[in-house]
Structures are given as C-alpha cells and as structure tokens.
Amino acid sequence: MIDKSIFDFVKKGVGIPVNTPGGKDIGIYMCAGPTNRLVGEEEGSNNIIKLNYTGAPGTASALYYALVFMMNGEGWNIAKVDEWIEVSPVMQEYYQITVSQKKALEGQIKEGIASAAASLADYELLMHDIRKYGQVLKYFVDKDEQSLKSMFIDQVDIHTDLPNYPASLRTMVSRWPTIIADFHKLEEKDDKSKDIAKKLSISEAEALILSTKNKLYKDWKEQIKQTATERYKTLKGLTTSKEKTIEEYRTWLKPYITRYKMTKLGGESPGGRSEILKSFADISGTATYSNQIQVWAWKKLVPEEIRKAPLEKGDNKFIIDPYDSWTRDNLILGKNGLASIYPWLKNKRMYCSECKEYYENEIEKCEKCKRRLIEKTVADQIVDKEIKPAWEKKEMSLNPSELYYTFMIFDVFRAGSRLPVGQIEDITFNITTYAISQNILLVKLLELKCRDAEFEKYIDEILGVRSGEQNIEALVKTDFPALFEKEKKPKNELEAFKDELYKVIDDISGKVKGIEVPKTDKIMFAKPGPYETDFADRISKFYLRPAGKEFGAVKEFLKSKMGVG
Ligand SMILES: [Zn+2]
C-alpha cells in the first residue's frame, strides 16, 4: 500500500543478511533460511516452496482466507504487510468498471475531505492563537523582560497617542532620543521619578514620563500574564475537541483511502508489479486483474532439545534485551539498515534516562526531574515506547521469555483470467521460512511500524494536515509547567556539578547497556553474542528442524485444501 520496498532477508546489501555457516554475524543474531525468496520451487526443501492453484472465481481467495484463519488458530501472529490490486486495460469491460469504482472512491474521499477541511481550518486558527499566547507565556517563563517591554511598546503603548498629543514612547523619541533605551533599563522597583532621573542621568521631565510608563507597564504585565494563561488553557481545551473531530474523519476515510491507494490501473505502477501482471497475462492471455499480498507470520520457536524441559517462565521481563546496540547501530541505523528506507528513523529525540521520557529535539532538560537530556533517535523512541511494551504484554504472539521465532513470509499472487470457457481464478503462494532470533523480529516489527507511519503520513497529506504541526504540538504538550511554579531556582554551582555528573553516568550506562559487540575482526576470537553460535550442528539441528516442521504443517494444509496433498 505504500511505495517503499520491503527490508528483506538478503545475501548482502540493504536488508537483514541471512546467516551463513562460519559467518561473522552468527551469535549476534540468528537469521537462518533461504537467501533468495522468489525462485525456489524446490519440493524437497523444508523452508521454501511455490504452490499454485487454479479454480473457479472465488475458490482461490477462499484458500487464502482458510490459511489465515488456520494459522491464527495455531498461535501465529499474522500481519498483512503490503497489498496491491492491478487491473489490466486488456479487458476493457472489467477495466472500465474499475475505473468508475476508483472515481467513485475518489468522490467519497473528496466529500470527506471537504467536511474535514472546515474542522481543519478552525483547528489551524486555534493553533495560530495558541502559538501567539504560548509565545507570551514563554516570555514569562524565561523572565524575558526585554521582549515583554518591546511587546508593551509596540502593541500597547503605541496606541496612547492622541491627535496633536504625542503620548507614546515611540513618538516621544523625537524629543528624548534615548527614551526607549532608557525604558528598557528600568527595573520593576523604579517608580520614583527623582530616583530614575538620578540613576539614568536624565531630565526630571523624561524621568516623570518613564516612571508613569513603568507603572503602566507593570499593570499591563500582570494583566497580560493572566489573560494569556487563561486564553491558553481555554484554547487548549478547544483544540483537543477539534483534534478529536479531525481524528474521526481520519478513521472514517482511512478504508476508502486504503482501497483507493492499493488499486492500480494497468500502467500506473512502476516496474515490478506490472511485470507480474504481464506474466499472468502471458499464461492465460487475458488476465483481468492481479492482486499481490505479502503476509508475515511469526510464532515462538522452542529449540528441540529444550522441549522436554521447558524454560522457566518468569515474569514479563526480557531474558535478553531484544534491542541490543549491535542491532540498533547496524540493522536499524546502519548504512544498509532499515533507516536507509525510512531516513526519519534517525531523527533526533531527547531522552531522560531517569524518567524514561522522550522529548522533542529542541528541549534540553527533563520537565519532570530537570535532568540534562541525552540524545536518542526516533527509532529508539518507537522501540521503547511501542514495541517493547507490547512485547512485554505478550501481544502479537510475542513473549519476552522466548529468544527465537519461526518467521514465515507469504508472497501471494492472485489473478483473474477470462478464458473462452469462462472465468478462472489463479493463486500462487510463495512461502519461505526462517528461524530468527528475537532481535531480528524486533527489526521486522519496527519495519511494520514504519510502513504504518508512512501510510498515516500519506493520509495526512490527503487530508491536508500541514507538516510542521509537530512543533505546535510540542508547544502544547510542553504546557509551560514552570509558569505555574512559585519561583524558578537559580542555577548554582551544585546544580552545574550535578549536570556534569549525570552526563558522565549517562555516558557510562549508555555504553554498558545492551550487548557490546566488537566491530572488528576480533569478533572471531571474542564471544560474539548471546544467541546460538554453532551453525552446522546446533542451529540446523535444533532450530531449523522445528521451523521446518511448522513450515511442513502449513504446506500440507494448503496442499490438502488444493486437493493435491
Ligand atoms: Zn526526568
């Protein structure tokens, strides 16, 4: 549904390199299985197969659903990763129907967007005001007296001029050229004109004006602080309800947009997909449509030797953190990592190691504990805040006390054809199976999150939600806690010392966290990692064999349904 390639299991290059016997990565992670997914028709192989079925319209799709339901019941987690439908212009009649269906979808989407647009416009106005009042509040938080004074001079005091009666500081400049600079020099306690005259060495007349202006300024400051705080609170409430409305439109439109996006008219799609359609057309001569789906399925993989004495099931804590530094630096953020497809994974985020909170890039100190924040990435945030918590809750067939998983990839090609004798439906399952360690599964889970995020972004673009929204949101979230505190404590030497101390601790704990894996060839001599290291014996015997059995069960199920088993 999105125009991004899959971060595949590969021999080399972008993707997850499949282990080879004697490979340097063995032990750091396990990813055992075929390196070339779409070629094999090796009947004898226990991890790759291509199964084809042709039948009456509807029978092939029924096979697909039967498979998904069966696997769901067997403890697999099933995720549809990608889907495309492509319609060939060869069959004019069918093609025209699809074109009109797509037009109708377009109409429904546009109608939805028009209604959403009104809400969006309101929302943006509110956001503009929020930003305005937010800025004022920020002056107070920062004790930025000069900016407040400038605001007073330009937006309040300027309106005190009457015809033929210059009363504002701006117009008085012609009489006292330094009056604005002098006004900026005043402190809150400066209220007596005599003292001001002495302090600034200016005339009594100017000092009198300044003392009056300073009093007005103080009154205004109190007032504006109160108004801005109240307006800010009210506006925040309003934006929350607007956000809800927009969210509702979003939810409502999503299935339409999904359908719209994944339906391609012949010739619309780049390279690969139309090639596949052509190859089907070659077989039957008159393919009307093709539908391609990629599905991932995973399930815990218990090594065969352990089956007799099951692992002690502890609490929901990871035996080994699946997010180790090697996986992060190589498979996710590295040159050939996931971030080469989704560059925004590398975007900076700030992190408080005490409160385990993530903040926007610009923020320097934790809002709760005032600790100095350390630099992390969007990838870290998604893993820490979304993937690992779901894992610990044992969602999606995940389990923190399991280290290995069977991972299956189904590339499903379905095509409809019209033959002289009538309609037929043809379906091909390309199935590949891998035995993987949990850190590899984590990368695939992150990829799923990335694909979701890209699609959400696409919907936002269609809805016209402007980018840059992020910063406003951050402003709202920040909420100016300091403003409602009594007094901001001045930073003293002890605090500065603490900052330094935290920095050192963060640096150290950052290094010991996760698994340290040497990046050089020394890897041959060091203990490489926490996962299985003996490929020839243990990995093939204890892991690939049970994974192969799972694969066999799926294969036999499909064959029996196809009537060839
Ligand atoms: Zn904190």
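For the reader, a short list of remarks on this structure follows.
- Neighbour net charge for Cys31 - beta-carbon separation under 12 angstrom, K R +1, D E -1: -1
- Amide H partners (placed H, <5 Å) of Ile16, local residues excluded: Asp8, Phe9, Val10
- Here's how it looks for Lys376: its modeled amide H is under 5 Å from those of Arg349, Met350, Tyr351, which are all 5 or more places away or on a different chain.
- For the stretch 407-422, putting each phi into the Karplus relation 6.51 cos²θ - 1.76 cosθ + 1.60 with θ = phi - 60° gives couplings of 10, 10, 10, 10, 9, 10, 10, 10, 9, x, 9, 10, 10, x, 7, x Hz, in residue order, rounded to whole numbers and with x for Gly and Pro.
- Phi to ³J(HN,Hα) by Karplus 6.51 cos²θ - 1.76 cosθ + 1.60 over the stretch 65-78, Hz, x for Gly, Pro: 5, 4, 4, 4, 5, 4, 5, 4, x, 9, x, 7, 9, 10
- Backbone geometry of the stretch 432-438 corresponds, through the Karplus equation with coefficients 6.51, -1.76 and 1.60 at θ = phi - 60°, to 3J(HN,Hα) couplings of 10, 10, 10, 9, 10, 7, 4 Hz, x marking Gly and Pro.
- Available extension along the chain between Lys11 and Glu247 is 80.7 nm, counting 0.36 nm per residue and deducting the alpha carbon span.
- Taking amide H as placed 1.01 Å from N in the peptide plane, Asp82 has its amide H under 5 Å from the amide H of Gln294, each at least 5 places away in sequence or on another chain.
- Hull-based mean projected area of the stretch 90-259, where the convex hull spans the alpha carbons, in square nanometres: 16.3
- The length gained by stretching the chain between Leu448 and Ser45 to full extension, at 0.36 nm per residue less their Cα-Cα distance, is 142.3 nm.
- Rounded to the nearest 0.05, the FRET efficiency derived from the C-beta distance between Lys80 and Cys369 at R0 = 51 Å is 0.75.
- Stretchable slack from Ala167 to Asp195, in nm (0.36 nm times residue separation minus alpha-carbon distance): 7.9 nm
- FRET efficiency estimate (nearest 0.05) - Cβ-Cβ, Ala117 to Asp3, R0 35 angstrom: 0.85
- When the pairs Lys4/Lys102; Lys103/Lys264; Lys4/Lys444; Lys132/Lys225 are compared against a 18 Å limit on Cα-Cα distance, Lys4/Lys102 fall above it.
- Estimated FRET transfer efficiency (Gln223, Glu461; beta-carbon r; R0 56 Å; 0.05): 0.85
- Set of the stretch 353-372 residues, backbone N closer than 15 Å to the point 7 Å along the Cα-Cβ line of Val141: 359-371
Throughout, read-outs are computed from the coordinates displayed, never taken from laboratory work. Quick caveat: nothing in here was measured; it's all calculated off a predicted structure. Neighbour counts run over all protein chains shown; Cβ positions are idealised from the backbone, glycine included.
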